[in-house]
1. With respect to C:Val204, determine if the residue is modelled with pLDDT of 95 or more, within 30 Å of A:Leu9 (Cα to Cα) and away from chain B (no Cβ under 14 Å).
2. Does segment C:327-364 hold any residues that are over 12 Å from C:Val204 (Cβ atoms) and outside any strand (DSSP E or B), and which are they?
3. Give the number of residues within segment C:294-326 that are part of a helix (DSSP H, G or I) and touching a residue at least 12 places away in the same chain (Cβ under 8 Å).
4. I'd like to check something: does segment C:409-418 contain any residue that is surrounded by 14 or more Cβ atoms within 10 Å (Cβ to Cβ), among the basic types (Lys, Arg) and within 14 Å of chain B (Cβ to nearest Cβ)?
5. If we only count strands (runs of 3 or more DSSP E) wholly inside segment C:498-610, which ones have 3 or more residues that are among the aliphatic types (A, V, I, L, M) and under 22 Å from the mean Cα position of the chain (by Cα)?
6. Check segment C:642-655 and report whether any residue there is under 19 Å from C:Pro596 (Cβ atoms), touching a residue at least 24 places away in the same chain (Cβ under 8 Å) and among the aliphatic types (A, V, I, L, M).
7. Hey, among the residues in segment C:419-433 that are assigned to a loop (DSSP other than H, G, I, E, B) and within 7 Å of chain B (Cβ to nearest Cβ), which one's surrounded by the most Cβ atoms within 10 Å (Cβ to Cβ)?
Amino acid sequence: MKFSVTVTLKKDVLDPQGKVVGQTLKNMGMTNLIQIRQGKFFEIDLDEKNPSKAQDQVKEMCEKLLSNQIIEDFKIKQKE
Amino acid sequence: MKSSVVVFPGSNCDRDIAVTLEKLQFKNTMVWHKETKLPKSDLIVIPGGFSYGDYLRSGAIAAKSNILNEVIKAGNDGSLIIGICNGFQILIECGLLQGALLRNFGLKFISKDIFIKIQSNKNKFFNKYKKDEVVKLNIAHNEGNFFTDKKHLKELEDNDLIPIKYCDEKGNITRASNPNGSLNNIAGIFNKNKNILGMMPHPERMSDKICSDDSGLPLFLSLMN
Amino acid sequence: MKITKEQIQSHGLKLDEYKKIKNFLGREANLLELGIFSAMWNEHCSYKSSKIHLKKLPTKNKIVIQGPGENAGVIDIGDDDAIIFKIESHNHPSFIEPYQGAATGVGGILRDVFTMGARPIALMNSIHFGSPDNKKTQNLLNGVVSGIGGYGNSVGIPTVGGETKFNSTYNENILVNAMAIGHAKKNKIFYSKAKGINKPVVYVGSKTGRDGIHGATMASAEFDENSEEKKPTVQVGDPFTEKLLLEACLELMKKNSIISIQDMGAAGLTSSSIEMASKGKLGIELDLDKVPCREKNMTPYEMMLSESQERMLIILDDKKENEAKKIFDKWDLDFVVIGKTTDTNKLVLNFNNKKVADIPITALADEAPQYDRKWNKFKVKKNDFKIKELKKIKTDKALFKILSSPDHSNKSWITDQYDQVVMCDTIQKSGGDAAVVRVHKKEKAISISVDSSANYCVADPRTGGKQIVCENWRNLISVGSKPLAITNCLNFGNPEKPEVMGEFVECIEGMKEACEFLDYPVVSGNVSFYNETNSKSIYPTPVIGGVGIFDNLNRIIDMKTKKAGNIIIVVGKTFGHLTRSSFLKEIYSINDGSPPEINLTNEKNNGLSVLNLIKNNLILSCHDVSSGGILVALAEMSISSMLGLKINKPKKFSDLNEYFFAEDQGRYLLEIEKNNLEKIEKMLKKSNTFYEVVAEVQNDIFEIDKTLSIKTEELFKCNNQWFKKFNAVN
């Protein structure tokens, strides 16, 4: 079963990288840019047929390792 | 000789290299990244540091700055350019040099004294060193693990475009003496015309016996030759 | 709206403290005002439990330009040069989010130094972790070390040294203390005291977000099991912006436009504005609509209590706004006039055309509560075991065990992650007794050392307090410098407990005694209380950061032995004091008894004698004898040069281990040329300094006759394995 996970900084947490990238894009002429936030993306392939079990397991991965829950949120998407 | 050191927000070895150049009587100018013109110079330095915080990819954002257009023009016209550490990363990001600098093999920032072996001294930058000379320099980087495709590697090798490789104190080029996982222990490369050099080690950090050593000075003396 | 009991308590205030607040205001406070009071009256900002004791420390002498009370201390190092330095803790944030906690700790201390007009030239740190067996330790160690490196490396300030220790007392409360050292021109130092009425108050740097709301309150509240859920208050550091802010501030400081400047540290806009007004005996009025905000709909409460990093508050002289703004525009930083100074002696905040807070400044600063808390006199336990009764261990085995222990292992796994040489003025990196950094483009240098010895302090806070000042002084002597002044970071438990308060008071009194005797004033510092978990206090851990001076770059020495045939003498007497030693701790897990005594007269005499020998060019290398005793110190000298030693057996000791591992104080190992021995003997006798010849330098082999013989390479290996093994990725 395949999943994708996106980890981003929580809404109110400062994103120094996103800030600098955003400013640079604006300087390059993309003036209609409102905001850009940087995150991480994971593709996960699990040997598990039960969707809810698999979902739980990916969630556990996110909570325990893939994201730093102190400052980050994650979104899980099932692909197939 | 006239030199220009390009300064980006976040550069932090700009002062160090300026001190070294001035010690050797270079007439040096610091050039702010927002400038649109480079002063006429015999040497252009892209210094080390964390331009734009190393955010997104090291060197990626600096490569989009105003002054870089001028640097690229000068480089293509044959001006001598040296990019050290973050400067090397910028030269790659802006296309003056090829390849990629990946995250260090050990996934940690590494700062320490290392040794390099001069592979070739028939160029503008290393002619004051002997071939196969072992030189102590300092490295300090997170992304210095040089990588490129087979075709480019062959081109580098066939045309004498790899002037320096990491080695141990005795000059053996071994896996153990490779600090960051760099392909074939490559510490620096040239462009095809050998007028543009990118290197991870900092020669300016070895330009004063009181603090460390002066084993980096011959590089700058070579340029004056 | 009436403030509830719950609101008062959730702001870390006591009910009687709120009563006082009402008296000052002549009415109920609103929630914003309560937040402001809680930030200013908490331990971190008000020093309410420590102030009356801190006053005992000597803070002045000829070279002190500015003692405690400003952003950092300032000392005179001759010519027109001043050194500005301070150490500060970031313990609780680092336990919660080690990378960001440590990184913002470094950022904060850097701002303390460049706020005063100094270009930072070096960073140091003292980090204490729980036992290596504790499952959190590895992650905390990795996070803290990369956080310290990540910030300092990026800003481009070399991290030149420090100390790392492990003890289960820090299992749930690690210590991260960072020190910054800067260089300024004596006549270009900037202070936080406001002057003049109607002067523009300018906000510069990053925007304000909801970071660390109530971080300062958190930093002074005891940890409990739920503390790991109090997480969203941790701030994120942006070293890139710090670097811009540093350059912009220094550029502005070259002009004559700043009246006063203050960094927004703990309790951000609140403490910075109040401190400036309070010192200048003025009022301040802010228009909060103008505060640059990162998020939409931020409330005055959030703006005033946000701990977003990389921000400063500046009071400018009349008509200098445009000139100043140009500089900040160049560096792409926010620059907004958000208010003005007034003659009302009040903090007035306006938002949406309404006055939202109105507080007398004195109530927030000078009249903040001060407590003379109850404290118990410490009872030093007698040694209740006999060393002779312990199971014998061979000297070589004991040495290997100590050299390969976490506390004594070579720390290059850590220090290789720090850029130690950027700025090209680092003369001695970490690994020696003290770091040495040249004053840029000058023929002089400073030495820096950071030290702590919690294991002594917990057994006898008074002696421990004395000892740690002396050890720090000794370290600066060992590189050949003259010690000048210190900064201290006092990490203790809950001051509301009389036994913890007792540790604090006696530690301070011990420090005071040593500082006075050695003429070694305290010029800045920080107190961190409430370091405990589930009501168990950490060991009292005062950390000392000392700065010394070389007036000549040719007299700098290190601990590397230089040449076979030279001899090593030990200055200072060995009595065989083993309780509280690394030997008992590492070999027998015994942590009982009293620490070694400090004899201040001998300490000073030995130190000055050694310095005199160094000044006369008679010393080739030097190393102070500290934790681990003579043998460990000798081994460290050998390891750093890879030359061997032939070590003499003591005549008076029946038990070799008692001699070789004793931790008697005030001792130094000195490498000298044989033919200088006579001359040196004369000089030492003249100053009544005890010494004995202890070893001769030789090639390759480190040995004691019939006791120990080992190749230096093996010693090196033994000393260099622990961190790599501990952090190996499986």
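The values are calculated or read from the model by the stated rules, or taken from the named source; none is laboratory data. Nothing here was measured: the structure is a model prediction, and the numbers come from that model. As a convention, Cβ positions derive from the backbone with ideal geometry for all residues, glycine included, and neighbour counts pool all protein chains shown.
1. Details: modelled with pLDDT of 95 or more: yes; within 30 Å of A:Leu9 (Cα to Cα): yes; away from chain B (no Cβ under 14 Å): yes.
It is true that C:Val204 is modelled with pLDDT of 95 or more, within 30 Å of A:Leu9 (Cα to Cα) and away from chain B (no Cβ under 14 Å).
2. The initial filter retains those residues of segment C:327-364 that are over 12 Å from C:Val204 (Cβ atoms), namely C:330, C:339-364.
Across segment C:327-364, the qualifying residues are C:Lys330, C:Asp343, C:Thr344, C:Asn345, C:Asn352, C:Asn353, C:Ile361, C:Thr362, C:Ala363, C:Leu364.
3. Going residue by residue through segment C:294-326, those that are part of a helix (DSSP H, G or I) are C:300-305, C:321-326.
Then drop every residue that is not touching a residue at least 12 places away in the same chain (Cβ under 8 Å), which leaves C:300-305, C:321, C:323-324.
The qualifying residues number 9.
4. Step one: filter segment C:409-418 for residues surrounded by 14 or more Cβ atoms within 10 Å (Cβ to Cβ), giving C:409-418.
Those still in the list that are among the basic types (Lys, Arg) too: C:411.
Going one step further and asking which of them are within 14 Å of chain B (Cβ to nearest Cβ), we end up with C:411.
Looking through segment C:409-418, at least one residue is surrounded by 14 or more Cβ atoms within 10 Å (Cβ to Cβ), among the basic types (Lys, Arg) and within 14 Å of chain B (Cβ to nearest Cβ).
5. C:522-528, C:541-550
6. Of the residues in segment C:642-655, the ones under 19 Å from C:Pro596 (Cβ atoms) are C:650, C:652-653, C:655.
Filter once more, keeping what is touching a residue at least 24 places away in the same chain (Cβ under 8 Å): C:650, C:653, C:655.
Remaining after also requiring among the aliphatic types (A, V, I, L, M): none.
Scanning segment C:642-655, I find no residue that is under 19 Å from C:Pro596 (Cβ atoms), touching a residue at least 24 places away in the same chain (Cβ under 8 Å) and among the aliphatic types (A, V, I, L, M), so the answer is no.
7. First pass over segment C:419-433, keeping only residues assigned to a loop (DSSP other than H, G, I, E, B): C:419-425, C:429, C:431, C:433.
Going one step further and asking which of them are within 7 Å of chain B (Cβ to nearest Cβ), we end up with C:419-425.
Working: C:Asp419: 32, C:Gln420: 26, C:Val421: 23, C:Val422: 26, C:Met423: 24, C:Cys424: 23, C:Asp425: 25.
That would be C:Asp419.
To keep it simple, each residue is scored yes or no on (1) outside any strand (DSSP E or B); (2) more than 24 Å from C:Val436 (Cβ to Cβ); (3) free of Cβ contacts under 8 Å to residues at least 60 places away in the same chain.
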site	(1), (2), (3)
B:Ala140	no, no, no
B:Lys151	yes, yes, yes
B:Asn172	yes, yes, yes
B:Asn180	yes, yes, no
B:Asn184	yes, yes, yes
B:Ile189	no, yes, no
B:Glu204	yes, no, no
B:Pro218	yes, yes, no
